[in-house]
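Student: Pasting a structure here, questions to come.
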There are 2 protein chains.
Amino acid sequence: MNTLLNQSFSAATAGVSLLNDALRLQGIPAQAVAWTPPLGGKDLHDVMADSRRSAANELALAKMLSSGALLVDVKPASEALNLGRGEFLHAGPPIEWARASGPMRGALIAAMLFEKMAGSAHEAEQILEKNGVALEPCHHRGAVGPMAGVVTPSMWMFELLDPSTGNKSWCSLNEGLGKVLRYGAYSPEVIERLDWMRDVLGPLLQLGVRAREEHIDVRAIISQMIQMGDEGHNRNRAGTLMFLRDLLPFMIEGGSSTDVARAARFVGGNDHFFLNLVMPACKLQTRAAENIPGSSIVTVMARNGTDFGIQTSGTGDEWFIGPAQTPHGLYLGNYTAEDANPDIGDSAITETAGIGGFSMAAAPAIVRFIGGSVPDALATTRRMYEICEGENPTFGIPVLEFRGAPTGIDVTRVLRTGILPQINTGMAGKIAGTGQVGAGLVTPPMEAFTAAIAGLARRVI
Amino acid sequence: MNTLLNQSFSAATAGVSLLNDALRLQGIPAQAVAWTPPLGGKDLHDVMADSRRSAANELALAKMLSSGALLVDVKPASEALNLGRGEFLHAGPPIEWARASGPMRGALIAAMLFEKMAGSAHEAEQILEKNGVALEPCHHRGAVGPMAGVVTPSMWMFELLDPSTGNKSWCSLNEGLGKVLRYGAYSPEVIERLDWMRDVLGPLLQLGVRAREEHIDVRAIISQMIQMGDEGHNRNRAGTLMFLRDLLPFMIEGGSSTDVARAARFVGGNDHFFLNLVMPACKLQTRAAENIPGSSIVTVMARNGTDFGIQTSGTGDEWFIGPAQTPHGLYLGNYTAEDANPDIGDSAITETAGIGGFSMAAAPAIVRFIGGSVPDALATTRRMYEICEGENPTFGIPVLEFRGAPTGIDVTRVLRTGILPQINTGMAGKIAGTGQVGAGLVTPPMEAFTAAIAGLARRVI
């Protein structure tokens, strides 16, 4: 000890800055280490000590990995989900008109106009303000919706089946980019496009899907697209092309050539079309892992534009909520960060299933689009392995020598490492009616995970 | 000096092993360095000293980079190339029946049957043995043909235009894999498929191409596919899908739905379909760099199954020849290395233009298919930069942070480094009629490059 005090020394400090400051004031070299105590406190301790946890998480991962996703039908939401007149679904955890953000309000207005429940945006708002429509999260019906995720009875839905569980999931048809309902736009062009999708595109897709002898294996296409520069959230180009390849011949044989040609141009001209098949496939994957007592694996991450909600396997359908964050990225045209609404949409189901931002390394071509570099993309995926239970060999990432996508977000790992899930996302304008303003990166609020660990702790036996 | 001799020492040796052996026999540690004197001797020296060379090669690269490739028409070779009855084109440098390999002979037999110039394979052989057909390399007409590359007057050709030069190039329609003419098969199924391609597919593609207001930009699609896991030689999946997306709506509008559906299935079911558009696009790129006095840039690499021939910018249409090597890779079914024919086809025009094996890093998904690893793919592309004049920013390789494809093979660099161009290729069975037996990697014979440097040296002023 004498020797130590007689020598000059330097120190490494961690935690609050008090010690570091004191040393520096005394002229002693002190290096502060970035360290914070794990979040979650006693709840985290209790969950970590839960003897069921390890096996429960292994089981959750195994169920995710063995799930499947076949496209079995396309039909209106009224049939697919028994959605009745005056019932709308929306993205994220439950929300009412009063707390809804601009793009969610805009999408609900568009939905009212599309369903002819209002003759004008003004009339639609009046009805919605009085809660004249029953709102329910897509996730409560096993469905998912990108951005505002508003689903009405007349919208056509993809219906996917997981043969390993018998579960089904649904998603509406993708409208393309720009002025579209899901980004909160409700101008006449938006409604006209939705009318055409209802009257022409939906029936044609149904005809094609029903004419095929074998179901289209959406999971197999995802496996391929991950090898073709898509990460399945912000980039779905190869997936869209493979979908078109597999379905179009049947549409050609059964439909009017004018309609089929227009449908082919519409789908082929929208690189995001396949997102609405990736999402329900991911929902089936995470749904397979639901309701395993003691499991701290995340099964849902979803945003309604105001709140970010998560669900975990061990806590059933309870939502754990925090404020939705605003994404950072690149903006279209003259839009700026000022124009962007907080995070919105069920599309974070892709990250919940290990693709999207988690598989950013598979899609170096998009990192520049959202303002990053190729090494950033690799680093992001590598970081996500730290908060995941395992890897999905079906989604092999080429540049990582086909290492499987990081899969099964573990709430305890998020809290222990402080690493939040990385989400790729589109950005909606915060004023109702604007549409898309950009695309970028966002994370959930840590509050959702501290709430989830409390929920898990309450259930420790 | 005294000091040196009194100390123990170790040696590094280069060149012939004599010195290394002598040192080791005396117990002196000696490390042999892999080094060989540059090939090409005085010819290389003369070409290196040619004051025109540096600027000529820069110009050749610049012309390659500014070339374009638009799909302007689809029509029979009789119209596109004025190919008359009894005139066949083939891959690689010139060859006669007597020296032709099995797959080349098989393809010529198929061509005779397809053109109804013979009623049986036996009769076809008899006519071909007597040189009853005029054979000419595709390259002599500005065209390119994969594998045997046999083109007959009734075959339909893609016609591509380079707006920067006004040059055109042509390639036949891809038949798919397995038992096909270009791999030397001539069974009835081969001829029936060719009949359908002549009667239905060709006219439908023509209809689609002519109905479009804007020409399909093949070079732009290549730029995209390089970002989608294709390298444009052994993998053309994304390219094929984008081609289908861009052309099919016009075919749907103009054709019979039964025919269009079959065509859509045929093209969509053949991941190599777009190869036959990539190849003439690459030919236009290298053609733009032809005939620059003093330039040592390679403008053609092509194989006829017996010989491997190259041409350089500074030596016009003179062929420099060496023996075609046999590829190494993976074999289909029960085939082995014993069944593989030496290297065949004009498809090495893709490597000549910087993609294919040169852009292997863009296509990690295929390296396993041909028996390699992801790091191998990166190393291959990095090695190719050493023998190239420059990089093509239009073909940015994502995993290399969008570094441009290595472009413009310089004969002097090949000889100085001893690094041969890396070619990805299909493998044909060496017995006529077999078809494809595998896919793998191959290099040109060094003899072609030593012959080329001699040809360049002869032209030094």
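Please treat every number below as a calculation from the coordinates, not as lab data. This is a predicted model, so every value here is computed, not measured. Glycine also receives a Cβ, built like all others from the backbone with ideal geometry; neighbour counts cover every protein chain displayed.
Student: Take residue A:373 and residue B:82, extend 7 Å from each Cα along the Cα→Cβ direction, and tell me the distance between the two endpoints in nm.
Tutor: Modelled inter-label distance: 5.6 nm.
Student: For the range A:329-341, take each phi angle, set θ = phi - 60°, evaluate the Karplus expression 6.51 cos²θ - 1.76 cosθ + 1.60, and give the result in whole Hz per residue in order, putting x for glycine and proline.
Tutor: x, 10, 10, 7, x, 9, 5, 10, 4, 4, 8, 7, 7
Student: To the nearest Å, what is the center-to-center distance of the range A:149-188 and the range B:301-355, using C-alpha atoms only?
Tutor: 50
Student: Note down the nm distance, to one decimal, between modelled labels 7 Å out along Cα→Cβ at residue A:62 and at residue A:419.
Tutor: Roughly 2.5 nm, to one decimal.
Student: List the relative contact order of chain A as a percent without decimals, with contacts defined as Cα pairs under 8 Å and 6+ residues apart. Don't jump to the answer; show the numbers that get you there.
Tutor: Values: 1118 pairs, mean separation 94.9, N = 461.
Computed over chain A, the figure is 21 percent.
Student: Also, quick follow-up: Hey, fewest Cβ within 10 Å first, where do B:21, B:43 land in order? Can you show the working numbers first?
Tutor: Details: B:21 13, B:43 22.
Placing the least packed residue first, the sequence is B:21, B:43.
Student: What dipole magnitude, in Debye to the nearest 20, does the protein assembly as shown give about its Cα centre under +1 on Lys/Arg Cβ and -1 on Asp/Glu Cβ?
Tutor: Numbers: 74 positive and 92 negative charges, 189 e Å.
So the magnitude is around 900 debye.
Student: Obtain the nm distance between the two label points defined at residue A:382 and residue B:461 by a simple spin-label model: each point lies 7 Å from its Cα along the Cα-to-C-beta direction.
Tutor: Spacing of the two 7 Å Cα→Cβ label points: 5.4 nm.
Student: Between residue A:336 and residue A:187, what FRET efficiency follows from the Cβ-Cβ distance if R0 is 35 Å, with the result rounded to 0.05?
Tutor: Numbers: r = 22 Å, r/R0 = 0.63.
The calculated FRET efficiency here is 0.95.
Student: When each copy gets a label point 7 Å from Cα toward the beta-carbon at residue B:458, what are the spacings between them in nm, shortest first?
Tutor: Sorted ascending, the copy-to-copy spacings read 9.0 nm.
Student: Also, I was wondering about something else. I'd like the mean, over residues of A:232-239, of how many other protein chain beta carbons sit within 10 Å of each residue's own Cβ. Can you show the working numbers first?
Tutor: Details: counts 0, 0, 0, 2, 0, 7, 8, 0.
That works out to 2 on average.
Student: Moving to a separate point now. Zone of residue A:33 (label point 7 Å along Cα→Cβ, backbone N under 16 Å): which residues in the range A:416-435?
Tutor: Only A:417-418 pass the distance filter.
Student: For a footprinting-style exposure proxy, rank B:373, A:10 by other Cβ within 10 Å, fewest first. Display every interim value, and only then the final one.
Tutor: Values: B:373 13, A:10 9.
Placing the least packed residue first, the sequence is A:10, B:373.
Student: Mind checking which of B:13, B:128, B:261 is farthest towards the positive end of chain B's charge dipole, using Cβ charges of +1 (Lys, Arg) and -1 (Asp, Glu) about the Cα centre?
Tutor: B:13
Student: Put +1 on the Cβ of every Lys and Arg and -1 on every Asp and Glu Cβ in chain B; which of B:161, B:236, B:55 then has its Cα farthest towards the positive end of the dipole?
Tutor: B:55
Student: Would you kindly state how much longer the chain becomes between residue A:446 and residue A:265 on full extension, computed as 0.36 nm times their sequence separation minus their alpha carbon distance, in nm to one decimal? List each step's numbers first, then the result.
Tutor: Details: separation 181, 0.36 × 181 = 65.16 nm, distance 4.21 nm.
Additional length available on full extension: 60.9 nm.
Student: Where the convex hull is taken over the Cα atoms of the range A:126-166, what is its projected area averaged over directions, in nm²?
Tutor: Details: hull surface 16.1 nm².
Computing the convex hull of the Cα atoms and averaging its projections yields 4.0 nm².
Student: Above 21 Å lies some portion of the pair distances; for the range A:110-219, what is it as a whole percent of all C-alpha pairs? Each step should come with its number before you reach the end.
Tutor: Numbers: 2578 of 5995 pairs.
Distances greater than 21 Å cover 43 percent of the Cα pairs.
Student: Find, to one decimal place in angstroms, the Kirkwood hydrodynamic radius of chain A, where the mean of 1/r is taken over every pair of different Cα atoms and then inverted.
Tutor: Numbers: mean 1/r = 0.0440 Å⁻¹.
After inverting the mean inverse Cα-Cα distance, the result is 22.8 Å.
Student: Using amide H atoms built in the peptide plane, which far-off residues or other-chain residues are under 5 Å from residue A:427 H to H?
Tutor: Those lying under 5 Å, H to H, from residue A:427 are A:437, A:438, A:439, A:440.
Student: What are the residues whose amide H is under 5 Å from the amide H of residue A:180, where those residues sit 5 or more places off or on another chain and H is modelled from the backbone?
Tutor: A:185, A:436
Student: What Kirkwood Rh does the range A:41-136 have if only Cα atoms enter the pairwise 1/r average? Answer in Å.
Tutor: On the way: mean 1/r = 0.0583 Å⁻¹.
Hydrodynamic radius (Kirkwood, Cα only) of the range A:41-136 equals 17.1 Å.
Student: Could you tell me the relative contact order of the range B:68-280? Use alpha-carbon pairs under 8 Å, at least six residues apart, and round to a whole percent. Before the final figure, lay out each step's value.
Tutor: On the way: 394 pairs, mean separation 57.4, N = 213.
So the answer I get is 27 percent.
Student: Can I ask one more? If a paramagnetic tag sat 7 Å from the Cα of residue B:199 along the Cα-Cβ line, which residues of the range B:126-161 would have the backbone N under 17 Å from that point?
Tutor: B:154-156
Student: Using θ = phi - 60° and the Karplus form 6.51 cos²θ - 1.76 cosθ + 1.60, what ³J(HN,Hα) does each residue of the range B:53-61 get, whole Hz, x for Gly and Pro?
Tutor: 4, 4, 5, 5, 5, 4, 5, 4, 5
Student: In whole Å and largest first, what semi-axes does the C-alpha gyration tensor of the range A:332-434 yield when each eigenvalue is scaled by 5 and square-rooted?
Tutor: Numbers: eigenvalues 138, 55, 28 Å².
Its equivalent ellipsoid spans semi-axes of 26, 17, 12 Å.
Student: Based on the Cβ-Cβ distance from residue A:318 to residue B:214, what FRET efficiency comes out when R0 is 41 Å, to the nearest 0.05? Could the numbers behind the result be given before it?
Tutor: Working: r = 54 Å, r/R0 = 1.32.
Step by step, r from the Cβ atoms, then E = 0.15.
Student: Of all DSSP beta bridges located in the range A:68-280, what percent are antiparallel, nearest 5? Mind showing how you got there, number by number?
Tutor: Values: 14 of 19 bridges.
Antiparallel bridges make up about 75 percent of those DSSP assigns within the range A:68-280.
Student: Okay, next question. Hey, if you drop one equal point scatterer on each alpha-carbon of the range A:68-280 and run the Debye formula without solvent, what base-10 log of I(q)/I(0) do you get at q = 0.08, 0.09, 0.14 Å⁻¹?
Tutor: Here log10 of I(q) over I(0) equals -0.26, -0.33, -0.81.
Student: Run through the other copies and list how far each one's label point is from that of residue B:18, in nm with one decimal, shortest first; the point sits 7 Å from Cα along Cα-Cβ.
Tutor: 8.1
Student: Expressed as an acute angle from 0 to 90° and rounded to the nearest 10, what is the orientation of the C-alpha long axis of helix B:275-287 relative to the principal long axis of chain B?
Tutor: 60
Student: Scan around residue B:329 for amide H atoms under 5 Å from its own, H built in the peptide plane at 1.01 Å from N, and keep only partners 5 or more places away or cross-chain.
Tutor: B:441
Student: Would you mind checking the pairs A:168/A:283; B:75/B:168; A:75/A:130; B:116/B:283; B:130/B:430; A:116/A:283 and listing those with alpha carbons more than 20 angstrom apart?
Tutor: On the way: A:168/A:283 9 Å; B:75/B:168 13 Å; A:75/A:130 30 Å; B:116/B:283 31 Å; B:130/B:430 22 Å; A:116/A:283 31 Å.
Violating the 20 Å Cα-Cα cut-off are A:75/A:130; B:116/B:283; B:130/B:430; A:116/A:283.
Student: Positive end of the charge dipole of the range A:68-280 (Lys, Arg +1 and Asp, Glu -1 on Cβ, about the Cα centre): tell me which of A:191, A:110, A:178 has its Cα farthest that way.
Tutor: Going by the Cα projections, it comes out as A:178.
Student: How far apart are the residue A:316 label points across copies, placing each 7 Å from Cα toward Cβ, in nm, shortest first?
Tutor: The projected label point of residue A:316 is separated from its counterparts by 8.7 nm.
Student: What list of ³J(HN,Hα) couplings, whole Hz, do you get for the range B:145-151 from phi and the Karplus terms 6.51, -1.76, 1.60, once you set θ to phi - 60° and write x for glycine and proline?
Tutor: x, x, 6, 4, x, 6, 10
Student: Using Cα pairs under 8 angstrom and six or more residues apart, how large is the relative contact order of the range B:311-461, in percent? Numbers along the way, then the final one.
Tutor: Values: 279 pairs, mean separation 49.2, N = 151.
Relative contact order, the range B:311-461: 33 percent.
Student: Which value results when the Cα radius of gyration for the range B:214-372 is divided by 2.2 N^0.38 Å?
Tutor: Values: Rg = 17.7 Å, N = 159, 2.2 N^0.38 = 15.1 Å.
Ratio of Rg to 2.2 N^0.38 Å for the range B:214-372: 1.17.
Student: Where the centroid of each part is defined by its Cα atoms, how far is the range B:209-272 from the range B:357-414 in Å?
Tutor: Answer, in whole Å: 25.
Student: What number comes out for the charge environment of residue B:378, summing +1 per Lys or Arg and -1 per Asp or Glu over other residues with Cβ under 15 Å away? Working shown, then result.
Tutor: On the way: positive: B:368, B:382, B:383, B:403; negative: A:401, B:231, B:376, B:386, B:401.
Around residue B:378, the charge tally is -1.
Student: Counting pairs of Cα atoms in the protein assembly as shown, how many percent are more than 49 Å apart?
Tutor: Details: 139118 of 424581 pairs.
Roughly 33 percent, once rounded to a whole number.
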